[in-house]
Every structure is written in C-alpha cells, then in structure tokens.
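As structure tokens, the structure follows; a few thoughts come after it.
The values are calculated or read from the model by the stated rules, or taken from the named source; none is laboratory data. None of the values given here were measured: they were computed from a predicted structure. In case anyone asks, the SASA skips ligands and DNA or RNA and just uses the protein heavy atoms, side chains included. Shrake-Rupley method; radii C 1.70, N 1.55, O 1.52, S 1.80 Å.
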Amino acid sequence: METESPKTIEQRFASLEKILERLERPDVSLDESLELYKSGMEELQAANATIDQTRKAVLEITQSGSLAPFENQ
C-alpha cells in the first residue's frame, strides 16, 4: 500500500478554493455546508501548520553573510 505524501501549500489552497466555490452555490444543503465548512477549517489549519513549519525552517542571512536559523520575534 502506497503512503500519500502530504499536500503542498498550493494543493491546500486549491482545495480551499474548491470548497468555497461549492459553498457559494445555492443548491448546497445546510448539512453539506456544515461538512464543507469542517473540511475547509481542517485544510486551513493544515495550511497554517505548513506555513509555520516553513517559517521555522527559513534561514536568515546575517550582516556578516553567514546563515543563521530564522528566529521568530
């Protein structure tokens, strides 16, 4: 069985866009809207986690030209 690789941030935003498009349709039931909202929130939380991980991994170039870990201030 193949393991799925994690979604990229671009894939997460594309999923969110599709969810929003579906939510804007007038034929979506209240139950489906709730499920779409939950899915959207899960995607958003995962996207935020990816952004946080990326932010922590960013290296900042110091004045001396050496690389130093990015420090969130």
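Ile9 exposes around 40 Å² of accessible area when a 1.4 Å probe is run over every protein chain in place. When Arg12, Arg55 are compared by accessible surface with a 1.4 Å probe, the order from highest to lowest is Arg55, Arg12.
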